[in-house]
Every structure is written in structure tokens, then in C-alpha cells.
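Engineer: Supplied in C-alpha cells, the structure appears directly below.
The values are calculated or read from the model by the stated rules, or taken from the named source; none is laboratory data. Every value quoted in this text rests on a predicted model; they were computed, and no experiment measured them. Neighbour counts run over all protein chains shown; Cβ positions are idealised from the backbone, glycine included.
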Amino acid sequence: MQKSEFTPEEELMIQREFEALLDDYAHTPHRQKVELITHAFNFAYKAHYGVRRLSGEPYIMHPLAVARICVREIGLGSTSICSALLHDVVEDTDYTEQDIAGLFGDKIAQIVGGLTKISGGVFGEQASEQAENFRKLLLTISDDIRVVLIKIADRLHNMRTLGSQRKDKQYKIAGETQYIYAPLAHRLGLFPIKTELEDLSFKYQHPETWQEIHDKLEAIKSTKLENYEVFAQPIRERLESMGYTFTLKARIKSVYSIWKKMMSKQCAFEDVYDIMAVRIIFTPHETMSEKDQCWMIYSAITEIYRPHPERIRDWISTPKANGYEALHVTVMGKNGEWIEVQIRTDRMHEIAEHGYAAHWKYKTGESDDSELDKWLQEIKDILAHPDKDAMEFLGTFKLNLFAQEVFVFTPKGEIKTMPQGSTALDFAFLLHSELGEHCIGAKVNHALVPLSYQLKGGDQVEVLTSNSQHPQKEWLKIVTTAKARKGLNQYFMREERKYTKHGERLVDDAISMDKDLAANREESLARLLNYYGMTQPSELYAEVGQGAIRLDNIRDIVFPKRGWKSFIPFLGNDKMSAVKPHDSQESKAKSQEPQEAPKEKKKEAHAIILTDENLGKEYLLSSCCHPIPGDEVLGYKDEKGQMYIHKVDCPEAALLKTSFGKRLYSASWNTHRVQSFVETIELKGIDRFGVFIQVLQTITTEFHINMRAINVSSEDGIFKGTMELYVYDRSELEDLLKAIRKIENIKEVKRVITDN
């Protein structure tokens, strides 16, 4: 951070921002504690005086902005505002948590302390440390949820000002935000913040694509808003005649939401039909339930416009797991355009906007059995019994965050909420871990189904069990929920401990029964590990305990018959000077390899240029996503120093961005159509005579592209095919796909990733 005196203009800017914070606070229903907030601001101002952010602005502007997000966009009160103003004081200055407690009380000090523990982003230097840091963040759910809410506000402001960071830093922070913070905001019901975090993450990871969609959206926005006025007018008149006080709002999809729809539907921007939605927020009459009035308004709207029968979403009868309530219906406008209408009461709207904070405001009874409460309890259970592997814990928690729900029923009619894509086995674990461990199948709607059956909304599920059934490793490929995955991993860990303990006894007995082996016990064990290519005794014990390794020939392993007269001293913890007879050439070659030089600690520039000369030599193209020139890419240097190139939106790169930020490099192409790359396209269409000949002519005659393989099949008048092509770059491939789409009877063509 830079440091210098503030100018009079900057002093005035800081004062205006603080006054804006107080103005935001004055418009809330919270009990006004202006003096306490002013005290916190003055303290933070002095603590950060002269310090500047990378952008050059005074650092105090950051905590002020975070505090404003807390009050204006999340709806938090004075304790949170003070904590937000002070959230970097302990981390960046000489003040301690005890100092904060003495000046502002224990609660604010506790929250600031929680924020200090998770400073510097979710993740640190090493993967396990990163996940541990995230676990600290989640532990605050048990202590005070406001720590998490302020941290989300902190991340939102950092994303809004991310432009001042280096490109590789942008990748890391944006990837981390999309992987964890946006889903966390979604799960806590902070929909506007979730949407903005996703959009900003997308903007910094795919700047050109973001700009292209943004420009197209701006070009049609005025037309969309004109259509909205025409569409909304009859609804407005009907609601007024019903005696409601209400607000009508037009909502335009974000760039990221449009891109996601384009990817999922494999369609162009112009084919995304639900770019605009209309939101009705009304004050309900006290004489009738909110639910009944929402359905009355639904009935009134569908008398004006024709509804889409498959696009009704009832989040009132069964709210989403994050507390979201609303009634959605998609109707056909007068101009033939489908428009989604969202119907909410004032209370529902505040929960949708402010999420968790508003949820607790509206708690009515001593116990609240909402899906949000259940989710929080599940998170506390996960934290109480954490995975041994910290990264596994991160994955387990991630499964809990961002899933759409389906509602299924037990045989007794009790409703259960499951993430979309859940299987019968997931359902068994949801009910009880023992049911999951002994599950052999299920009856869904009275019909027998396998463990892998994917549940659908409205299914009635009966779990079938057998005491002789036990979990298999393959089950991990079947389950999709964090609870089921955790239950299986805990079972496998318990079993592994049993096998390891049993195997350790067998190895000890085998060594003890031979006096020569027993005399050199440690070297005997080391040679066993070396023979089987293992580094830890526990690996050997587990294999022996399961019967995968037998110890009948233990003496021959420790004392090979050829070339061994006596023990050769064991060198090091994980390498032997001796070699196994059948691996001697390989081992000798390894032993002659030069030792890796100590890594230099000098700072490297985090930007690389990909050329025809260095591709495949200095930089390897990742096999998981097959990047080609023109794709937005980044570089990742592994622990051996090898640089791999990934597409920015590659799933593996998403995890790398969250876990290994310091090993990421921004990358750009500077190739000259020298190398060609194998890419696979998939196409579908109506099987008419000559259609595939047209495709081949387009590829070979118009574009002069060579093909490596073709696979085509036809069934019921529809053909499907895949083709492996040699292309120079992304633009050539995209031009080809556009040309193929224009061929009559071709209905879909897209680039796919395969293991070429």
C-alpha cells in the first residue's frame, strides 16, 4: 500500500462519503446510534490516515464503501456498520482486538476479530491453508453471521474496484469470487449482490465476451423498456382496480445470465427470449393471507395475457432453501414475446433483496423450521465433523451452495427439499446415514428404481435397505449432495482405519517372525515400502489389511536373491540406494538424473506470450479443455515448474484460480497460423438427402479445413455426428460453425471438448 498526505479535495471526498453513509443509515428502521458510528469512523480514519489503495485513492474510502453496502444493500445496523468501518484496523495497523473491545465493546471486537482471521481473501498460499481459511469464515456462522455478511460486502467492493489489480490477480480474485462468494451470497438470499458478483467475475475473466454482450444489451435496452410500458399498463390498471398499493419494476437480465443461457441453450444472443422480467411488489390486505393474494394477482394477470403452461414457479407454497418466496409466471405479451412476471409482497421482496438479515427480522415463533435454518444447521454439522482433507472439505461445502431445488415426498407424505440432480441414494443419506449405508435401491411412485435414479419434483420415495449391503467406492460417482458424499467418505475412513490397524498387526507379526528382519526392523519396513512404490507405512498397512498385498514372500523382498549379500544402508526417508531387480534400469536412470536446482526467489512477471515457437515446449496446452489460439486463456505453473495453458472458463482452471493464485499467469496469443489444432464439433439436424454432403463441402471447399475423423448416425429422421477437424485458431472455428448453422436442416452445431 502507498502512503502520503491527503489533499484538501480528498479530505472533502472522505467527509462526503461519510455523510452519505449516515444518510443511508437515517433511512433505515434501525435504532439510530450516530455517535457510535461517528466514533468508529474517526478511529478508522486516524488508523488509516495517509494510506492509499493501489488505485491511489485514500484507503479509508474502502471501509466506508463496505459500510455503505452493509446498510444500504444488506440492511444491517450500527454494530455491523462500525465493524465494517473497523474491519481492516487490526490487520493493517498496530491496534489490537483488545483495543477495539475497550473502545467499542466485545461484540464489535468479536466481529472485527473474525474478519481479521479471514483477511486477504478466502485463500492463502497453499491449497490446504486456503481451505482452512475458508473454514474459519464458515465457523463464524455459528458465532455471528454478520462476519460472513460483512465479508461478502468487502468482496463486493473489491470486485467493483478490481480494475486496478494486475491481470493475474484479477483472474485469482474473480475466480475465487465466482467459485465461493457468489454462491454463498445466493445461499444467504442476497440476490442482487450474487448477480453483481457473478457479472463482475465474468467481466474480468472474459472481458471481450462480456463487452460484446453488454453492447448488444445496451442496443436493445430502450426497445425493451418501451415494450415494458405497453406490457405493464393493463396490469397496472387491474391492480389499481383491486385496491392494491404496489410497485411495478422492469428487470433486465445481467450479461452473465444471458451468457449462461446462450451456453446452456447453444444459441445466439438474439435467440435469448427472456431478457426482460417484470416484478410486482405489493402491500397485502390484512384480511387475507399473502399466499391467497399472490394467486389472486396471478389469476388477474393470466386473464390479460396467456400463460406458458410449463413456466409457473410456486416459491410461496414451498420457499427456496435460502428463504426466497415469490410466484413466477411467464406470459405472452401482445407483441408475441414471452415475459416473466414475478409476484411478491413487500415482506417477500425485502427477504429477496436483503436475504439473511431480513429473514431473521421476520422470524415469528420460538422455533423456525425454514429451509434456510435447516441449511445453516447442516453447515454447522459439517463444521463439527470436518473432512481430514481441507480441500475435500471445500468441495463438500461447495456442493451445498448453488443447487436448484426439487421437492420430493416420503411415504408418509412429508415434503423434503433436495438439490436438482439428487439421486435415490442422496435421499437415503438425507433421511439418515445408516439408511444410506445399507441402501439397495428405492421405490419411486411405487416403482422399483436403482440407487442412481435422479429424483424429480413431486416424486414419492421409499428407501429399500439390506443389512448385508455396504457402501462401494463407485457410490461416490452416484451421489451429488454434500451430506451423502460426507457420509460415504466418513464410512470409507472408518473402514480404512480398520484395515490399516489390522494390516499393521500383520506386518509387525511377519517381521517379528524372522529374526534377521526383526534385527533391522526400520530398514525392513523401508524396503517393503520401496518395493511396492509407497512412501507412507499406512499405505502398506491398508493394502495388507484388505488382502491386496500378501506377506508370504516378505523375506525375498527384503533380501533379494540376486546382488544382495547384506543390508545396504538406507538413505533418506523416501529413496533407497538399492534397486529392485525388475526396475534396475529405470531406477539407475533416475539416480543419474541431475538434482533439481533450488528455486530462485526473484519475483517473476505474471504475463506470458504464446507463440508458434514456444507452444509445446515452454508452455503445454492443457488436455482438460483443449485451448486453441483465440480462446481466452491463463497460465498455471505446477509444483515442478511446468507451465500449462487453460481456457479461462475451464472447470479445472476455476479451482486453480481459487487455490493457487500465485501460480497463475495472464496469457495472450501471438501465433501466425503455423500450427493446427485438433478440435471436435458436434452437430444435429434433420436427416434429409444431401444435408451431410453440404456440411462436408462447407468444411473442405469453403474453408479448406482438413478432417481427422467423422462419426455419424441417424435415427427416427434425426442425424447426429461428431467431427475432428484441424483448425488454426478460434476465429476460424467460429466462422465455420456460423457457416454450418446456415445450412438448411442443420439444427445445432457446437464445439465440444474431448480427449483427442
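Engineer: Just a yes or no: is a residue in the range 146-162 in the same structural domain as Leu76 (by TED's automatic domain parsing), over 19 Å from the mean Cα position of the chain (by Cα) and under 20 Å from Gly635 (Cα atoms)?
Structural biologist: Yes, because at least one residue in the range 146-162 is in the same structural domain as Leu76 (by TED's automatic domain parsing), over 19 Å from the mean Cα position of the chain (by Cα) and under 20 Å from Gly635 (Cα atoms).
Engineer: Select, from Glu73, Glu57, the only residue that is closer than 30 Å to His349 by Cα, among the acidic types (Asp, Glu) and surrounded by 14 or more Cβ atoms within 10 Å (Cβ to Cβ).
Structural biologist: Glu73
Engineer: Give the number of residues within the range 237-267 that are surrounded by 14 or more Cβ atoms within 10 Å (Cβ to Cβ) and in a helix (DSSP H, G or I).
Structural biologist: 10
Engineer: Let me ask another. Can you confirm whether the range 122-136 contains a residue that is at pLDDT below 90, aromatic (Phe, Trp, Tyr) and buried (at least 18 other Cβ atoms within 10 Å of the Cβ)?
Structural biologist: The answer is yes; a qualifying residue exists.
Engineer: Quick one: would you say Lys443 is in a strand (DSSP E or B) and under 34 Å from the mean Cα position of the chain (by Cα)? Give the derivation first.
Structural biologist: On the way: in a strand (DSSP E or B): yes; under 34 Å from the mean Cα position of the chain (by Cα): yes.
For Lys443, the condition - in a strand (DSSP E or B) and under 34 Å from the mean Cα position of the chain (by Cα) - is met.
Engineer: Answer yes or no: is there a residue in the range 460-478 that is loosely packed, with under 15 Cβ neighbours inside 10 Å, among the polar types (S, T, N, Q) and in contact (Cβ under 8 Å) with a residue 40 or more places away in the chain.
Structural biologist: yes
Engineer: For the condition modelled with pLDDT of 85 or more, hydroxyl-bearing (Ser, Thr, Tyr), touching a Ser or Thr at 6+ places or on another chain (Cβ under 8 Å) and closer than 13 Å to Thr481 by Cα, what is the one hit in Ser433, Ser422?
Structural biologist: Of Ser433, Ser422, the one residue that is modelled with pLDDT of 85 or more, hydroxyl-bearing (Ser, Thr, Tyr), touching a Ser or Thr at 6+ places or on another chain (Cβ under 8 Å) and closer than 13 Å to Thr481 by Cα is Ser422.
Engineer: Of Gln694, Gln675, which residue is out of contact with any Ser or Thr (no Cβ under 6 Å at 6 or more places or on another chain) and either outside any loop (DSSP other than H, G, I, E, B) or over 19 Å from Leu736 (Cβ atoms) (or both)?
Structural biologist: It is Gln694.
Engineer: OK, next. For the condition surrounded by fewer than 12 Cβ atoms within 10 Å (Cβ to Cβ) and either out of contact with any strand residue (DSSP E or B) (no Cβ under 8 Å at 6 or more places or on another chain) or in a helix (DSSP H, G or I) (or both), what is the one hit in Glu734, Glu744?
Structural biologist: One residue alone meets the criteria, Glu744.
Engineer: What pairs can you find where one residue is in the range 174-198 and assigned by TED's automatic domain parsing to the domain that holds Leu634, the other is surrounded by 22 or more Cβ atoms within 10 Å (Cβ to Cβ) and in a helix (DSSP H, G or I), and their Cβ atoms are less than 8 Å apart, with a gap of 6+ or different chains?
Structural biologist: none
Engineer: I'd like to verify a number: residues in the range 36-56 that are closer than 25 Å to Ser164 by Cα and either free of Cβ contacts under 8 Å to residues at least 24 places away in the same chain or under 27 Å from the mean Cα position of the chain (by Cα) (or both), how many?
Structural biologist: 1
Engineer: Show the residue pairs that are 6+ apart or on different chains and have beta-carbon atoms under 7 Å apart, the first residue being within the range 630-659 and closer than 19 Å to Ser201 by Cβ and in contact (Cβ under 8 Å) with a residue 40 or more places away in the chain, the second being among the hydroxyl-bearing types (Ser, Thr, Tyr) and part of a strand (DSSP E or B).
Structural biologist: Sorted first by the residue in the range 630-659, then by its partner, the pairs are Leu634/Tyr665; Leu634/Ser666; Leu656/Tyr636.
Engineer: Select, from Tyr181, Tyr171, the only residue that is closer than 25 Å to Ala352 by Cα, in contact with a Leu (Cβ under 7 Å, 6 or more places away or on another chain) and of a type outside the set (A, V, I, L, M, F, W, C).
Structural biologist: Tyr181
Engineer: On the given criteria, is Ala219 assigned by TED's automatic domain parsing to the domain that holds Ile312 and among the aliphatic types (A, V, I, L, M)?
Structural biologist: So Ala219 passes the test.
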